[in-house]
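Comments concern the structure below.
Every number in this text was worked out from the coordinates using simple rules, so none of it is lab data. Please read these numbers as outputs of a predicted model, since none were measured by experiment. Every residue, glycine as well, gets a Cβ built from its backbone with ideal geometry; the counts of neighbours run over all protein chains shown.
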């Protein structure tokens, strides 16, 4: 089936899309706070400064470009990569490539506005660009799931909850990457409230991701793909195929359980060490979700 | 209307693989590439064993997923139901290969020729363009248009493969399907005769080969996990333990500093009383 390079493509595409979506969301909260300062619960959004947004958008664009490059090197004829854009069809890969390209452009535009402090760009245009960026980023996250979902004879992939699971995971990875940037680029005192808010947001997304996983399992169980035949009776069903150490340790433990426990501990004890341990785990878990799904063909 | 289809009689197939050689020579296939295959199946236990041969090719699905997923339109379906590939438009993304449940497609990334030759033999010239692109059985559509049978059909020594027009009720193929009780394979243009063999031997024309090659599906590796995941998890758990230890230490030193400050704050107020 697909090479592991496709697992990286899906992971990085989701991560970049997640970052752009989270950044637009944070900026929207910040605008809301500035408009109505009585929303004191959102005062932490002011600690994320323009240079931080600039760095984050550029990082998101770089991640998305890397993702596209990985797909390119996996092609049998990489020199024809532009055919996807010049000979488009209504295929998922074609639409996804446009979405990915659009998200890269949106991230570069918003990153440039923040980096060069382009005040000449009017507020409505900026808001339009942010709305388009958020929509494209969301579409990119969903696309990474639909890419596999489309293959209808593989039950581990053709599960309607797979795109939801991938989208939740991409959001969680996006939040983690933004949190890492805040940790390294915002002053220690100013970052406290921001990382606490991001950690809480990530906990909610991880809970949603766990819910999506449970729903995915229920949908798979309902599909009743217990194929048994004279020759294949020893083969497990799609759920049994997912019950392997890679999925349980790499995704369920590293990507869901441990980060959630550590982020809850961080929210309670306010010790940064908990968050510092949780963030890489979110990234590891995000990757292994794609790695296991790409490799579990049932 | 013309819609080409094929009947494959597994009870007649002897596993001689002449079809593969005929396809390979006439299609100028490169080393390692095969547009048709013959699965060898064995089941039962001594002395009650059985053996069957199961030819596979492009099944010409009625609604081919490989065409639907192609991002450049290189894969297409002809009016006669056969599926083709415009090599000049193919980027070799491999999505169609994942989308083919019969494993009929492949991509050859090697630029080699038979017998290690630096240049292709004259009969291999036609395959120069087929490097890094998806390729598969063409159903010999050009021969069909001329009223000839596909090479695999023409060269079959037992007439285990028969091709015809499924849209024409009077085509001998219909009579053969009725006479042999051939099963239509899913929603494709292929009909298989399984005779006294269990009908589920047809499971093997689906992605069985690909599944068997998948390391996560192999019993000996299943459940053990691969080294990278175990190492990643180990590092993750180590980082967790370290973070908990650091947090505990910091919390303790904060508490101690707090007590110290408390003690120092109280000290001056207590002194006058003592003196």
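Mind putting together the pair-distance distribution for segment A:1-140? All Cα pairs, 10 Å bins, whole percent per bin, short to long.
Over segment A:1-140, the share of Cα pairs per 10 Å bin runs 12, 38, 29, 15, 6, 1 percent.
Quick one: length gained pulling residue B:86 to residue B:242 fully straight, 0.36 nm per residue minus the C-alpha distance? Before the final figure, lay out each step's value.
Details: separation 156, 0.36 × 156 = 56.16 nm, distance 5.69 nm.
Gain in length upon complete extension: 50.5 nm.
Modelling each spin label as a point 7 Å along the Cα-to-Cβ direction, I'd like the residue A:123/residue B:113 distance in nm, to one decimal.
7.1 nm
Give the separation of the Cα centroids, segment B:86-123 to segment A:101-120, in Å.
41 Å
Using Cα atoms only, what is the angle between the long axis of helix A:4-35 and the major principal axis of chain A, expressed in degrees (0 to 90) to the nearest 10?
30 degrees
For segment A:171-217, what value does the Rg/Rh ratio take when both radii are computed over Cα atoms and Rh is the Kirkwood radius, given to two decimals?
Numbers: Rg = 12.9 Å, Rh = 11.4 Å.
Ratio value, two decimals: 1.13.
Hey, rough spin-label estimate for residue B:145 and residue A:243, points 7 angstrom out along Cα→Cβ, what's it come to in nanometres?
5.4 nm
What residues from segment B:166-198 fall in the zone where the backbone N is under 12 Å from a label point 7 Å along the Cα-to-C-beta line of residue B:11?
It comes to B:179-183, B:193-198, nothing else.
For the modelled label position 7 Å from the Cα of residue B:154 along Cα-to-Cβ, which residues of segment B:1-22 have backbone nitrogen atoms closer than 19 Å?
In segment B:1-22, the label zone of residue B:154 (backbone N under 19 Å from the point 7 Å along Cα→Cβ) covers B:4-7, B:17-22.
Classify chain A as rounded, prolate or oblate from the Cα gyration tensor: take a ≥ b ≥ c as the square roots of its eigenvalues, call it rounded if a/c is under 1.5, otherwise prolate when a/b beats b/c and oblate if not. Don't skip to the end; give the middle numbers.
Values: a/c = 2.28, a/b = 1.37, b/c = 1.66.
Oblate.
If each DSSP helix of 4+ residues adds -39,500 (n - 2.57) and the sum is divided by the residues in the protein assembly as shown, what number results at 222 nm, nearest 500 deg cm²/dmol?
Values: 18 runs with 305 residues, N = 573.
-18000 deg cm²/dmol, from helical runs alone.
Which of these, A:66, A:283, A:126, has the largest mean-square fluctuation under a Gaussian network model of chain A (Cα springs below 10 Å)?
A:126
Computed over the Cα atoms of segment B:1-47, what is the ratio Rg over Rh, Rh following Kirkwood?
The Rg/Rh ratio comes out at 1.10.
Quick one: helix A:50-73 against the long Cα principal axis of chain A, what's the angle to the nearest 10°, folded into 0 to 90?
20 degrees
For the residue pair residue A:192 and residue A:50, what label-to-label distance in nm results when each label sits 7 Å from Cα along the Cα-to-beta-carbon direction?
Here the answer is 2.7 nm between the modelled labels.
What percent do you get for the relative contact order of chain A when only Cα pairs under 8 Å and 6+ apart count? Let's see the in-between values first.
Numbers: 428 pairs, mean separation 73.7, N = 298.
Contact order relative to length: 25 percent.
Could you give the length gained by full extension between residue A:86 and residue A:32, i.e. 0.36 nm per residue of separation minus their alpha carbon distance, to one decimal place? Kindly include the intermediate steps, with their values, before the conclusion.
Details: separation 54, 0.36 × 54 = 19.44 nm, distance 4.05 nm.
That works out to 15.4 nm of additional length.
Give the calculated FRET efficiency between residue A:217 and residue B:257 to the nearest 0.05, with a Förster radius of 51 Å applied to their Cβ-Cβ distance.
Details: r = 48 Å, r/R0 = 0.94.
E(calc), rounded to 0.05, equals 0.60.
Using only the Cα atoms of segment A:100-227, build the gyration tensor, take square roots of its eigenvalues as a ≥ b ≥ c, and label the shape rounded, prolate or oblate: rounded if a/c is under 1.5, else prolate if a/b is larger than b/c, else oblate. Mind dumping the intermediate values first?
Numbers: a/c = 3.49, a/b = 1.68, b/c = 2.07.
Judged from the Cα gyration tensor, segment A:100-227 comes out oblate (a/c at least 1.5, b/c at or above a/b).
So how much slack lies between residue B:249 and residue B:49, counting 0.36 nm per residue of separation and subtracting their Cα-Cα distance, in nm?
Working: separation 200, 0.36 × 200 = 72.00 nm, distance 6.88 nm.
The span from residue B:249 to residue B:49 would gain 65.1 nm if fully extended.
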